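Throughout, read-outs are computed from the coordinates displayed, never taken from laboratory work. For clarity, every value in this text was computed on a predicted model and none was experimentally measured. As a convention, Cβ positions derive from the backbone with ideal geometry for all residues, glycine included, and neighbour counts pool all protein chains shown.
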There are 2 protein chains.
Amino acid sequence: MKGCKVFFIGGGNIAHIVLGELKDLIEKAYYFDVKETGLNAVKIEPFCVPDDADIVVECASVDAVKKYAFDVLKSEKDFYIMSSGAFADEDFLKEFLRKLQDSRCRVFIPSGAIGGLDIVNAVKDKIFEVTLVLRKPPKAFGIEVNFETLIFEGNACEAIKRFPQNVNVAVTLLLAIGNLEKLKVKIIADPSLKMNKHEIFVDSSVGKYHIIHENLPSPNPKTSYLAPLSLVASLRKRYQKFIVGG
Amino acid sequence: MKGCKVFFIGGGNIAHIVLGELKDLIEKAYYFDVKETGLNAVKIEPFCVPDDADIVVECASVDAVKKYAFDVLKSEKDFYIMSSGAFADEDFLKEFLRKLQDSRCRVFIPSGAIGGLDIVNAVKDKIFEVTLVLRKPPKAFGIEVNFETLIFEGNACEAIKRFPQNVNVAVTLLLAIGNLEKLKVKIIADPSLKMNKHEIFVDSSVGKYHIIHENLPSPNPKTSYLAPLSLVASLRKRYQKFIVGG
């Protein structure tokens, strides 16, 4: 199974997890990062996509996507993007999709810290409304409350502007739905919680779906463990012959 | 985008929905069925995989998978299988996987009437236990009860034997988990329900997840509408350049 050559944009926590999980699959790894990160991979400097890389994996930041995405499209290599929040910028999204059509790349946005996107993709054209409810302990908002408190209710763009720390989850869901009008976001401070609890409600002519996530943190506690593992699953699928849930 | 040539094994409800949804994508369709089904496609008789088909889609029955799967593997074409229940037969599964390794086919099992398999795939190696709870109105079991009644609790194999009508859902989930010991199944007669309600509980070292499905029937009321649409989404993904959710 060995043989995949990966170029990571961002050599931090996520790249470490991917390298650890995909030892059997990755033959060679490169990375670009503004700092030394101790990743067991060849550091590239200045930024360029190594010719012999098979795929490019962004796991750095929204800014890194915006800065380097067009260079990746020029490389014609398949591109996995974790910081989907970059596509909250509509002009950037349009330009990116236009250039993508002219390239031989395929772009993959792993499901990240949420799931059930298989349902959303299936019912996409038949959605009445999707609600994303982000519940966090009050201290995450720098407040103290003794009861469940609605911090925000509105559309996804507004939520992304006001709560940029949830930008990837909201934008990935929005990209899957493909229609801004159909996604409502609620953000709730909930003193009964020790960790975040994300919920997705899908109402459609196909059925009603409710996905509840109680994510534990990854070894780096700023990221849900589910997010890097969704990337690992996406990369693994590329080389599988028997794909379940597909 | 046109250009895909599809061979359907089974020309019934699911094939009709796929053809209707993927008009923009499917250039030519063939089908094999034991009866005339009125599908707008070239009927093949006796069974053979047409040379110029790009992909083979099984949407017939567990028996059809068992009967024709090895012919499809010989054709070296990618193979989408809806009747995953065929793989409840462990000997068949082993033989199939062995022959698959020697072929150039890739096999895709769409998520069918359930979702959240993106989560299951991501946390696969880190699962403590998954519980599949199938709730139906009592008349689905031919009984009358006035309160929630547990009809079955046990492992997936036993559930599949005793309730073969749920075989695809249970086997697809089992294939995603990859470990029989970790899947528990509960079947409940619930007089408060008008339609089926499927729930998946995932307990893992990555987090806890709970996916609740209230599926509406497809135009043919024996199938959840979600099942053919998950196949449509899988097929569409094949030709997409921007794939959200892995």
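Against the test of being over 17 Å from the mean Cα position of the chain (by Cα), in contact (Cβ under 8 Å) with a residue 40 or more places away in the chain and surrounded by 19 or more Cβ atoms within 10 Å (Cβ to Cβ), the options B:V171, B:V202, B:V167 yield a single qualifying residue, B:V202. Restricting attention to segment B:51-71 and to residues that are in contact with a Ser or Thr (Cβ under 9 Å, 6 or more places away or on another chain) and buried (at least 19 other Cβ atoms within 10 Å of the Cβ), the residue that is nearest to B:C105 (Cα to Cα) turns out to be B:V56. Within the option set A:F242, A:F201, being farther than 26 Å from A:C59 by Cβ and at the interface with chain B (Cβ under 9 Å from one of its Cβ atoms) holds for one residue only, A:F242.
Of the residues examined, B:A140 is not one that is in contact (Cβ under 8 Å) with a residue 24 or more places away in the chain, crowded, with 19+ Cβ neighbours inside 10 Å and among the aliphatic types (A, V, I, L, M).
Screening B:P219 against (1) surrounded by fewer than 19 Cβ atoms within 10 Å (Cβ to Cβ); (2) under 30 Å from A:T223 (Cβ atoms) leaves a single unmet condition, (2). Restricting segment B:89-101 to residues that are out of contact with any Leu (no Cβ under 8 Å at 6 or more places or on another chain) and within 11 Å of chain A (Cβ to nearest Cβ) leaves a set whose member that is surrounded by the fewest Cβ atoms within 10 Å (Cβ to Cβ) is B:Q101.
With respect to the conditions (1) within 21 Å of the chain's Cα centre (by Cα); (2) within 14 Å of chain B (Cβ to nearest Cβ), A:Y68 lacks only one, and its number is (2).
Note on segment A:1-17: residues that are touching a helix residue (DSSP H, G or I) at 6+ places or on another chain (Cβ under 8 Å) and over 21 Å from A:D51 (Cβ atoms) total 4.
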